[in-house]
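Single-structure report; data block below.
The values are calculated or read from the model by the stated rules, or taken from the named source; none is laboratory data. The structure displayed is predicted, hence computed values, not measured ones. Note that we place each Cβ from the backbone using ideal geometry, even for glycine, and neighbour counts take in every protein chain shown.
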Ligand code: HEM
C-alpha cells in the first residue's frame, strides 16, 4: 500500500503508467537542466538570479498545466489525463518551494532580511501568500486528506484559481518593463477561465472552442493594454493597435495560434474516433 502511495508513476490499480512516468520526467527535466547549467557555470554573472527566474517560470507553467487537465479531458475526450492533475499540482508547489529556497540563498540565508523584504515589498508579499496557498494544497492533495475533508476538500482546492491570479500578479509586478511572458501566461489563464465559465454541456463543443480562440486573445490584448497604461503610462490604444498587427507577434497572437491548434487537435480526434464506428456500420 505504502509502495502504491509513493510510487507516483503507478496508477490507482498499482500498474505502471507510461503517462505518469512521462509526466514525472517532464516535471524533473527543467530543474535538472537548470542545475546542470549552474554546475557548468553556464548561467551568466548572476547564476542564482537566473535560477530564481527559471524556477518561477516553471512554477507558473506547471500551475497552468494543472488547471488545463480538466479542460483537456473534456475537449480531447482523454479521460486518462486526469491521472496527471495531482502530480502536476504538487510539482508546481515543489518548484515554488525551490524558488523561495533560492531567494533565501540569494539573501545569504539571512532570514531576518528575507522576512523584512517579504513584508516591505508588495510583489514578494504576494509571492509568499501564493507559496503558502500552494503548499497547503499540495499537502492536502493526498487521498487521506480528501477523505478527511470530504465536501470541504473541493472548496479548499478551488483556491487554486485565486492563487493563480496572485501568482500572475507577482509575475507582472516583478517583470518591470517587459511583461510579454507574463501577458502570455495571463492569456492561457483567460482561456482556462472562459472555458470553466461555459455551461457544462457546451464545454466540449467545437463552437465553444472557436469562441474561446477569439475571446482569449481579446482578453490577452486587453490585459496587456491595461497593464502598460496603468504601470507605464503608455496609451492602451497604442498597445491594442500593436496587437492588431500580426507581424508584431504579441502574446494575443500566440494565444490565438495555441487555441487554434487545440481546436484543430480536438477536431482531428473527433474525426478519428468517429471513423471506426462508421466502418463498423458499413
Ligand atoms: C516567498 C515566495 C516568493 C518569493 C520570495 C519570490 C521571489 C521572487 C524574486 C526575487 C523574483 C525575481 C525578481 C527580480 O529579478 O527582480 C521572482 C520572480 C518570479 N517569481 Fe517569485 N517569489 C515567490 C513566490 C512565487 C510563486 C509562488 C510563484 C508562482 C506560483 C512565483 C513565480 C515567479 C515568476 C514567474 C517569476 C518571474 C520569472 C521570470 O521573469 O523569468 N514566485 N520571484
**Q.** Those residues of the range 88-113 which are assigned to a loop (DSSP other than H, G, I, E, B) and either away from the ligand (no atom under 11 Å from the Cβ) or modelled with pLDDT under 95 (or both), in sequence order
**A.** 108, 109, 110
Q. Do any helices (runs of 4 or more DSSP H) entirely within the range 132-185 hold 3 or more residues that are touching a residue at least 12 places away in the same chain (Cβ under 8 Å), and if so, which?
A. 151-157, 160-174
Q) Of the residues in the range 140-164, how many are within 16 Å of the ligand (Cβ to nearest atom) and either surrounded by 15 or more Cβ atoms within 10 Å (Cβ to Cβ) or farther than 17 Å from residue 125 by Cβ (or both)? A) 7
(Q) residue 8 - would you say it is in contact (Cβ under 8 Å) with a residue 12 or more places away in the chain, farther than 19 Å from residue 137 by Cβ and either under 24 Å from the mean Cα position of the chain (by Cα) or assigned by TED's automatic domain parsing to the domain that holds residue 87 (or both)? (A) no
Q) Within the range 76-87, is there a residue that is modelled with pLDDT of 95 or more, under 26 Å from residue 129 (Cβ atoms) and either within 13 Å of the ligand (Cβ to nearest atom) or assigned by TED's automatic domain parsing to the domain that holds residue 189 (or both)? A) no
(Q) Yes or no: the range 213-234 includes at least one residue that is in contact with a helix residue (DSSP H, G or I) (Cβ under 7 Å, 6 or more places away or on another chain), surrounded by fewer than 16 Cβ atoms within 10 Å (Cβ to Cβ) and under 30 Å from residue 54 (Cβ atoms). (A) yes
Q.
Can you tell me which condition residue 186 does not meet? The list is (1) surrounded by 15 or more Cβ atoms within 10 Å (Cβ to Cβ); (2) assigned by TED's automatic domain parsing to the domain that holds residue 82; (3) within 12 Å of the ligand (Cβ to nearest atom), and all the others hold.
A. (2)
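Yes/no matrix, rows are residues, columns are (1) in contact with a helix residue (DSSP H, G or I) (Cβ under 6 Å, 6 or more places away or on another chain); (2) at pLDDT 95 or above:
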{"site": "124", "(1), (2)": "yes, yes"}
{"site": "155", "(1), (2)": "no, yes"}
{"site": "162", "(1), (2)": "no, yes"}
{"site": "171", "(1), (2)": "yes, yes"}
{"site": "187", "(1), (2)": "yes, yes"}
{"site": "197", "(1), (2)": "no, yes"}
{"site": "204", "(1), (2)": "yes, no"}
{"site": "209", "(1), (2)": "yes, yes"}
Q. Restricting to the range 235-269, what's the tally of residues that are surrounded by 17 or more Cβ atoms within 10 Å (Cβ to Cβ) and in a helix (DSSP H, G or I)?
A. 15
Q) Is it the case that some residue within the range 52-69 is without any contact (Cβ under 8 Å) to a residue 40 or more places away in the chain and either touching a strand residue (DSSP E or B) at 6+ places or on another chain (Cβ under 8 Å) or not in a helix (DSSP H, G or I) (or both)? A) no
Q: Six or more apart or on different chains, Cβ under 8 Å: which pairs go from a residue in the range 86-108 that's without any contact (Cβ under 8 Å) to a residue 12 or more places away in the chain to one that's near the ligand (Cβ under 9 Å from one of its atoms) and in a helix (DSSP H, G or I)? Could you list them?
A: 104/114; 107/114; 107/117
Q) Would you call residue 120 within 16 Å of the ligand (Cβ to nearest atom) and either free of Cβ contacts under 8 Å to residues at least 24 places away in the same chain or within 20 Å of the chain's Cα centre (by Cα) (or both)? A) yes
Q: Tell me, please, whether a residue that is outside any helix (DSSP H, G or I), more than 15 Å from the ligand (Cβ to nearest atom), touching a residue at least 60 places away in the same chain (Cβ under 8 Å) and not assigned by TED's automatic domain parsing to the domain that holds residue 207 can be found in the range 24-40.
A: no
